[in-house]
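The structure appears below as structure tokens.
The values are calculated or read from the model by the stated rules, or taken from the named source; none is laboratory data. Here the structure is a predicted model, which means the values were calculated and not measured. Cβ coordinates were reconstructed from backbone atoms using ideal geometry, including for glycine residues, and neighbour counts include every protein chain displayed. Each accessible area value is taken on the protein alone, full model and side chains, heavy atoms only, with ligands, DNA and RNA left out. Shrake-Rupley method; radii C 1.70, N 1.55, O 1.52, S 1.80 Å.
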Amino acid sequence: MTEKLASSEVANRLNEWYDSIKRHDIEKATKCKEEIKKSIDEMEEDQNVLLYYNLIDSRYKQVIQRFDESRNILNDIKEQGENTETDELLRFYYYFFNGLYEFYRRNYIQAIHYYRQAETYLEDIPDEIEHAEFHFQLANAYYGIDQNFFSLSHAEKAIGIYKKHDHYVNRQISLKMAIAANRFDLNRHDSAMSLYKEVIQISSKHGQTFLEVLGHYNLGLCYEYLNELEAAKGCFETALDIEYSQENKKDTYLEIKYMLARVLFKMDQLEEGKGWFNVAKTLADETGEETYKTKLAILHHIYLEPNELLLDEELETLRKRKLWHDVSDLAANAGRHFKKKEMYKLATKYFVEALQSKEKIPTLQEEVEKV
């Protein structure tokens with residue numbers, strides 16, 4: 001009879017797999033998964049190790065942006081968990097990874113709710129890298145609801161830990177981008193854009209190609225906000241020109257293509273804009289990205305076939321999800337466009353909508369405190 005692998009040995013291999021996932025080393029993570037699947041088949045029975053495997057697999061699916069598969073795994077784990085005694089680490093991962101899933105689906109308040117549940121187990125987690133990752137993700141979630149000072153606080157905690165570990169250069173770069181994004185929102189525009197340029201250089205130097213893509217994309221967002229549209233267009237085009245497989249980062253490339261279409265529309269380059277609009281729309285349909293389907297529809301009803309009724313319906317979709325930042329941003333875009341077209345009544349309506357939606361943003365923190 002073939003001797004079974006010790007579950008402790010498989011658990012160690014799972015730790016290595018998760019470590020590569022935390023470093024976003026997708027190539028190594030994929031290789032580890034293939035090896036571990038064989039080990040699981042040969043392992044002695046251990047329900048906690050199997051549960052650990054499924055949790056890490058759900059996180060792996062998130063990193064390669066296969067979110068529906070991650071959700072299915074987490075749903076299965078929820079059912080298993082009702083009948084399985086689990087330790088603090090597994091409970092922490094369960095809530096933490098659920099938070100990550102909700103974040104990727106742009107349900108930021110729900111994500112923070114899960115992170116806070118995970119936080120109750122954080123003091124039982126000895127690995128300081130896990131603490132850094134927790135603060136990193138919480139920084140992202142708070143940024144998603146425009147709570148910049150909370151976001152900066154968690155980002156600084158995370159980067160302080162990662163700086164002590166040479167193997168997490170990519171996380172340090174990502175956190176610099178998070179800090180830059182918050183600075184920009186706090187009207188520290190020059191400081192933020194300088195930091196994005198630094199990020200691009202560091203990413204290129206260390207071979208962090210995807211982060212270099214993100215650096216150009218985020219810099220483009222800054223230029224677009226400042227109405228420096230030619231510079232914004234250049235940044236988005238540069239991001240798309242960098243050689244990198246888009247297959248496992250479809251959501252990110254959807255965002256870049258959406259922004260390129262939007263900038264081209266604002267520049268009155270409608271034909272070129274339509275090309276990127278159609279590419280982004282196909283990608284949104286392929287990924288099932290509902291928020292971007294709505295945002296693309298809004299662009300259509302502003303720039304391509306202006307329709308006040310349909311535009312209002314799509315904005316209401318974002319309101320229902322309490323995506324006040326997006327509502328304010330897109331309503332302001334509508335206001336500027338209609339003003340340019342001398343449709344002053346419509347322009348006034350959407351400028352007022354932009355201001356009212358912006359005033360709703362602070363209420364998101366109140367909702368976080370309620371959960």
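For residue 25 and residue 226, calculate 0.36 nm times their separation in residues minus their Cα-Cα distance, and state this gained length in nm to one decimal.
Length gained, residue 25 through residue 226: 68.9 nm.
Under a no-solvent Debye model with one identical scatterer per Cα of the range 179-239, what's log10 I(q)/I(0) at q = 0.15, 0.25, 0.28, 0.30 Å⁻¹?
-0.39, -0.99, -1.14, -1.22
Using the Cα atoms of the range 228-371 to build a convex hull, what is its mean projected area in square nanometres?
Reported value for the Cα convex hull: 9.7 nm².
Whole-Hz ³J(HN,Hα) for each residue in the range 238-244, computed from phi via Karplus 6.51 cos²θ - 1.76 cosθ + 1.60 with θ = phi - 60°, x for glycine and proline: what do you get?
Taking θ as phi minus 60°, the curve returns 4, 4, 6, 7, 5, 6, 7 Hz for the range 238-244.
Tell me the per residue accessible area of the chain using a 1.4 Å probe; a whole number in Å² is fine. Let's see the in-between values first.
Working: 17860 Å² over 371 residues.
That works out to 48 Å² for each residue.
Using the Karplus curve 6.51 cos²θ - 1.76 cosθ + 1.60 with θ = phi - 60°, what ³J(HN,Hα) values do you get for each residue of the range 196-202, in whole Hz, with x for Gly and Pro?
Couplings: 4, 5, 5, 4, 4, 5, 5 Hz.
Distance check, please: which entries in 295/341; 176/274; 78/164; 293/340; 33/78 exceed 28 angstrom between their Cα atoms?
176/274; 78/164
Computed FRET efficiency, Cβ-Cβ of residue 128 and residue 272, R0 56 Å: what is it to the nearest 0.05?
For R0 = 56 Å, the calculated efficiency reads 0.70.
Starting from the Cα coordinates of the chain, work out the convex hull volume and express it per residue in Å³.
Expressed per residue, the convex hull around the Cα atoms of the chain is 145 Å³.
Please give the helix 128-144 orientation as an angle from the longest Cα principal axis of the chain, in degrees from 0 to 90, rounded to the nearest 10.
Approximately 20 degrees, to the nearest 10.
Which ³J(HN,Hα) values, rounded to whole Hz and listed in residue order, are derived for the range 288-303 from phi using the Karplus coefficients 6.51, -1.76 and 1.60 in 6.51 cos²θ - 1.76 cosθ + 1.60 with θ = phi - 60°, glycine and proline given as x?
x, 7, 5, 4, 6, 4, 5, 5, 5, 4, 5, 4, 4, 7, 8, 9
Rounded to the nearest 500, what is the chain's calculated 222 nm mean residue ellipticity when only DSSP H runs of at least 4 contribute -39500 (n - 2.57) each, over all residues?
-25500 deg cm²/dmol
Quick one: helix 7-22 against the long Cα principal axis of the chain, what's the angle to the nearest 10°, folded into 0 to 90?
Between the helix axis and the principal axis of the chain, the angle is about 20 degrees.
Give me the mean projected area, in nm² to one decimal, of the convex hull enclosing the Cα positions of the range 81-201.
Mean shadow area of the hull around the Cα atoms is 8.1 nm².
Taking the Cα centre of the chain as the origin and placing charges on Cβ (Lys, Arg +1; Asp, Glu -1), which of 121, 6, 191 is farthest toward the positive end of the dipole?
After comparing all options, I get 191.
Ignoring any ligand, DNA or RNA, what whole percent of the accessible area of the chain comes from carbon and sulfur when the probe is 1.4 angstrom?
Working: 8340 of 17860 Å².
Taking all protein chains in place, the chain shows 47 percent carbon and sulfur surface.
Counting only residues 5 or more places away or on other chains, whose amide H sits under 5 Å from the amide H of residue 5 once H atoms are built in the peptide plane?
43, 44
Specify the angular offset, from 0 to 90 degrees and rounded to the nearest 10, of the alpha carbon long axis of helix 324-340 from the longest principal axis of the alpha carbons in the chain.
Once rounded, the angle reads 20 degrees.
Starting with the highest mean, order 185-193, 92-100 by the number of other Cβ atoms within 10 Å, averaged over the residues of each peptide.
Highest to lowest by the protection proxy: 92-100, 185-193.
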